[in-house]
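The values are calculated or read from the model by the stated rules, or taken from the named source; none is laboratory data. Just so it is clear, the model here is predicted, and its values are computed rather than measured. Neighbour counts are summed over all protein chains in view; Cβ atoms, including those assigned to glycine, are modelled from backbone coordinates with ideal geometry. Areas reflect the complete protein model, heavy atoms only, side chains present, ligands, DNA and RNA absent. Shrake-Rupley method; radii C 1.70, N 1.55, O 1.52, S 1.80 Å.
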Amino acid sequence: MSARDAPVVRMTSRARGVSVEPSALRDAIFERATNRQTGDGTTIEDEVVRELGAAARDVGAGFDVSLVSGGDKEPLARALAEADVVRTFNPAYHQQMLSEMRWTAQEVESTRDGVDVATLELTSGDRKGFSLMRQRWFVALMVTRNRIRTMTVAGLMGSSHIGGLLMPRETSSTNLVAAGRALERMWLAASAQGLALQPWSVIPFFELRAELHPDTLPPRDREAGLRIGAEVRRLLRVADAQRCIFVFRL
């Protein structure tokens, strides 16, 4: 058996009638959601957001949450905006993003996956423009890099915090599954506190691809992924033994 074939998850079934103490985060499962609305930038108190880090650390050593607020958000928002620019103008990344979208109620019901465009909090005009972005000619002729940067920075600066979920540097299957557990715990802890959370996680996966599968990217995009990733790690104060696997805004 190779290391890749080795199990990384074990599940245990319990007979009915066995009493199990429920997790304190159980009720938050039914409250967890993605909120894409633009906030007013009001900073949430430290004692409230502190629970997010505790939830991630509960998974094990190397897992944590790094959060920035106030004036520290702007340089991070600008770095994340550059990742959004690359995603928009790299045809493969752009197609992957749009393939996740479900444009009609019929698509939502038939696929039961992806992102319902109706949940994106778009105006009718913005929704029409977003729909046109499925055409590469529209992106090439009508969408500018500065427009992408402006939209990203505005959304991020309207949040209370920009955060990163940290994990051990090694991208083993075991660590990645544990990172998924840490993410769920962190998101549930946010929901339990009444906090709205939106993933903004282009750069961690972009950086991973540039690092682990460099031949699948054009040289310019590969270099951008590594450069932006390094800047995001610096701004989130990520230790050398860790990596940022997920970015979000509160």
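Relative contact order of segment 18-134: 16 percent, from C-alpha pairs under 8 Å at least 6 residues apart in sequence.
The distance separating the Cα centre of segment 158-175 from that of segment 43-61 comes to 13 Å.
Calculated FRET efficiency, Arg16 to Ser173, Cβ-Cβ distance, R0 = 41 Å: about 0.80 to the nearest 0.05. Measuring r between the beta carbons of Thr43 and Arg237 and using R0 = 22 Å, the FRET efficiency lands at 0.75.
Taking a Cβ cut-off of under 15 Å around Arg26, the surrounding Lys, Arg, Asp and Glu residues balance to a net charge of -2, with basic ones at +1 and acidic ones at -1.
Considering only Ser19, Ser69, Ser99, the mean-square fluctuation computed in a Gaussian network model of the chain, springs between alpha carbons under 10 angstrom, is largest for Ser19.
Where does helix 219-235 land angle-wise versus the long Cα axis of the chain, in degrees 0 to 90, nearest 10? Approximately 50 degrees, to the nearest ten.
Computing FRET efficiency as 1/(1 + (r/R0)^6) for Val8 and Asp113, where r is the C-beta to C-beta distance and R0 is 22 Å, gives about 0.45. Oblate is the label for segment 116-222, because the ratio a/c of its alpha-carbon gyration tensor axes (a ≥ b ≥ c) is 1.5 or higher and a/b is not greater than b/c. Placing +1 on the Cβ of every Lys and Arg and -1 on the Cβ of every Asp and Glu, with no other charges, gives segment 1-105 a dipole of roughly 680 debye about its Cα centre. Here the contact order of the chain, divided by its residue count and restricted to Cα pairs under 8 Å and six or more residues apart, works out to 34 percent. Based on DSSP H segments of at least four residues, each scored -39500 (n - 2.57), the chain has a per-residue ellipticity at 222 nm of -15000 deg cm²/dmol. Charge dipole of the chain (Cα centre as origin; +1 on each Lys and Arg Cβ, -1 on each Asp and Glu Cβ, all else neutral): 520 debye, rounded to the nearest 20.
Sorting the segments 219-227, 43-51, 183-191 by their residues' average number of neighbouring beta-carbon atoms within 10 angstrom, most packed first, yields 183-191, 219-227, 43-51. For the chain, the longest principal axis of the alpha carbon atoms and the long axis of helix 145-157 meet at an angle near 40°. Considering only Val232, Val108, Val65, the Gaussian network model of the chain with Cα springs below 10 Å gives its largest mean-square fluctuation to Val108. Compute the helix-to-body angle for 202-212: its Cα long axis versus the longest principal axis of the chain, expressed 0 to 90° and rounded to tens. Between the helix axis and the principal axis of the chain, the angle is about 80 degrees. The charge dipole of segment 103-218, taken about its Cα centre with unit charges on the Cβ atoms of Lys, Arg (+1), Asp and Glu (-1) only, comes to about 360 debye. Computed from label points 7 Å out along Cα-Cβ, the spacing between Ile29 and Arg181 is 1.6 nm.
Taking a ≥ b ≥ c as the square roots of the eigenvalues of the alpha carbon gyration tensor, the chain is rounded, as a/c is under 1.5. Projecting the Cα atoms of Val232, Met151, His213 onto the charge dipole of segment 145-250 (Cβ charges, centred on the Cα centre) puts Met151 farthest toward the positive pole.
Per residue, segment 71-121 exposes 52 Å² of solvent-accessible protein surface, assessed with a 1.4 angstrom probe and all protein chains in place.
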